[in-house]
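Before any comments, here is the structure.
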Amino acid sequence: MIDPASVGRVWLRNAWVFRGRWHYGILPNFFEPVFYLLGMGLGLGYYVSTGGAFGGDYLTYIAPGLVAASAMNGASFETTYNVFVKLHFGRIYDATIATPVGIQDVTVGEASWAVTRATIYGGTFLIVTLFFGVAVGWHLIPALLAIVLIGFAFAALGLAFTSVVPTIDLFSYYFTLFLTPSFLFSDIFFPVAERFPPAAAAIAEFTPLYRSVQLMRGVLTEGGGPVAGDVAYLLLFGTALLAFAVWRMRVRMVV
Amino acid sequence: MTSAATADVPVAQARGLSKRYGGFVAVDAIDFEVRPGEVLGMLGPNGAGKSTTMRMMYQVTPPSSGELTLFGMRSGRDARRIKARLGVVPQIDNLDEDLSVRDNLRIHARYHGLGPTEAAERSDALLAFVGLEAKARQQVRSLSGGMKRRLTLARGLVSDPDLVILDEPTTGLDPQVRLALWDKLEALRTAGATLMLSTHYMDEAERLCDRLLIMDAGRVVAAGTPRGLIAERLDPYVIEGRLKGGDDGPYRRLADAVGATAQRSGDRLSVFVPDGRAALERLLGDGVDPDRAFVRPSNLEDLFLALTGRELRE
Ligand SMILES: Nc1ncnc2c1ncn2[C@@H]1O[C@H](COP(=O)(O)OP(=O)(O)O)[C@@H](O)[C@H]1O
Ligand SMILES: [Mg+2]
């Protein structure tokens, strides 16, 4: 039902568009981590007591979570606004599905491109952290794989959301009511379980960004915790939502 | 363009093909076939079901019931293989605004499975065919409406399809652009391509099409060659007159004599007659001012109006 070659061609179309304007996209990608690490890491970090749960300096504590969040953002922008515009305003999918490429190939192709974008975002962030003295070394490879997996989970979630929303205005709910609290309460900046009641912390721990942050910390820090559970969670989460999005996009496009 | 199909196997065939949206019947149990090497026209007012029929053919709308085969393959089940052999020019341009003119063609060629080199060659050849070489590197949004239409046509041809489906290819275009597109379509026709095109322009249908399906309210109300349909259903001539306050008696008497009805709209009258010259002489003998009556051959527009009525459609 899904043709890998067709998926690749949908990816290729996006790569061509990106190729024409990557220099606009990549610069903010680069500066965002610089500003975060400077402001939150060096600035705020000075006032955050070291030791305790952090057991080291604050910048090193938040860096892995910020890498995970940037992968999330890369995948989310691509699969929400960008896909919605293509779906409703540009009509380009109408043209695509009149060729041997099917709507299911389009959906998976968009997911694969969003993973690529997430990898560019998250990878840039990861490399910038090196210059702030966050030790990465041989962890680079598992960290990149983790970025790909996080990108996949959020690409699937973004596509699933886009495939059900009727208007573009609803994306502000997705960003403000879901991604922003995820960003704040996923152990990126402080251990949630230490500051909030167990019930609230349990909810946080169930969210995909929390699992992503755990995964990223696990692969980036010496003696990091086991990550198999997080990997399994993100794989299942992404696969289930992508399957849903493939089905919904079909319902939406084929009338 | 090549036509891979053999002589009498139809390129496409529909039997009892229907499409319903909720309780509304957009296409109502139609039968038709597209024969190899022909230009089949679909003529019908707005809402007749032309686009819906074409969308079912190019596999983006599933039929509600009936049978549809293309190239001997069943619609739906063999969607990917059917689409591989089709070229599509949709009613509304859906070019990719984020890509250049040339990349629009290249990516479509890639969607059709052509390799990078072949895709580039086909794209350049088709840009030349539609006269857009000079615009190759420009963004699509900088093109005029007519240029976009030509690019959409080129895109529909990029995979060298066995059947090209064109949905109102010239609607809304300047006369010059229409003529330019007609030239391209005639070139394709001469090269033996199989085309199916919808239109609500009679001149376009008469000029380009070997055979016509006339559709109205989801049904095929007539099918045949333009000349054959007219000959089959109408007398060969029409007497037209302008009353300018005069009496319509002579026209009514003429209509009675030939067993037709005089159709009146405002100040104008028309009567279909078997012998134009005799009818005109009769009118003049009956006192009609020779400056206000003339004879012309019956045309497709007469047939269209006779079949689909004169009331306005949305
Ligand atoms: N997706 C749809 N949902 C509901 N009605 C539709 C849809 N698409 C087309 N129709 C209706 O079906 C009828 C035929 O439409 P269409 O095939 O576009 O006609 P044409 O191309 O001959 O103008 C119209 O009345 C149109 O409103
Ligand atoms: Mg139409």
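Taken over segment B:127-142, residues that are assigned to a loop (DSSP other than H, G, I, E, B) and surrounded by fewer than 19 Cβ atoms within 10 Å (Cβ to Cβ) amount to 4.
Can you confirm whether residue B:207 is basic (Lys, Arg) and touching a Phe, Trp or Tyr at 6+ places or on another chain (Cβ under 7 Å)? Judged against the criteria, residue B:207 is a match. Selection over segment B:22-66 of residues that are at pLDDT 95 or above, within 16 Å of ligand 2 (Cβ to nearest atom) and among the polar types (S, T, N, Q) gives a count of 4. Within segment B:14-22, is there a residue that is in a loop (DSSP other than H, G, I, E, B), more than 10 Å from chain A (Cβ to nearest Cβ) and within 15 Å of ligand 1 (Cβ to nearest atom)? The answer is yes, given that some residue of segment B:14-22 is in a loop (DSSP other than H, G, I, E, B), more than 10 Å from chain A (Cβ to nearest Cβ) and within 15 Å of ligand 1 (Cβ to nearest atom). Looking only at residues of segment B:165-179 that are within 13 Å of ligand 1 (Cβ to nearest atom) and outside any loop (DSSP other than H, G, I, E, B), we find that the one that is nearest to the other protein chains (Cβ to nearest Cβ) is B:165.
The set of residues in segment B:86-120 that are among the small types (Gly, Ala, Ser) and either farther than 22 Å from residue B:58 by Cβ or at the interface with chain A (Cβ under 7 Å from one of its Cβ atoms) (or both) comprises B:100, B:113, B:115, B:120. Cβ-Cβ contacts under 6 Å between residues 6 or more apart (or on different chains), taken from a first residue in segment B:36-63 that is within 11 Å of chain A (Cβ to nearest Cβ) and under 15 Å from residue B:304 (Cα atoms) to a second residue that is away from ligand 1 (no atom under 12 Å from the Cβ) and not polar (S, T, N, Q), are absent. Taking the listed residues B:160, B:124, the one that is surrounded by fewer than 22 Cβ atoms within 10 Å (Cβ to Cβ), under 26 Å from residue B:10 (Cα atoms), more than 16 Å from ligand 2 (Cβ to nearest atom) and of a type in the set (D, E, K, R) is B:160, with no other qualifying.
In the condition set (1) within 13 Å of the chain's Cα centre (by Cα); (2) more than 22 Å from residue A:48 (Cβ to Cβ); (3) hydroxyl-bearing (Ser, Thr, Tyr), residue A:182 is compliant with all but (2). Quick check, is residue A:57 modelled with pLDDT of 90 or more and of a type in the set (D, E, K, R)? Answer is no for this residue. For segment A:87-98, the tally of residues that are within 25 Å of residue B:113 (Cα to Cα) and more than 9 Å from chain B (Cβ to nearest Cβ) stands at 1. In segment A:100-129, of all residues being of a type in the set (Val, Ile, Thr) and farther than 30 Å from residue B:76 by Cβ, the one that is nearest to the other protein chains (Cβ to nearest Cβ) corresponds to A:116.
Looking at segment A:87-165, the helices (runs of 4 or more DSSP H) lying wholly inside it that each contain 2 or more residues that are more than 22 Å from residue A:209 (Cβ to Cβ) and under 21 Å from the mean Cα position of the chain (by Cα) sit at A:103-131.
The values are calculated or read from the model by the stated rules, or taken from the named source; none is laboratory data. Just so we're clear, the structure is a prediction, and the values are computed from it rather than from any experiment. Reconstructed Cβ throughout: ideal geometry from the backbone, glycine too, with neighbour counts over all protein chains shown.
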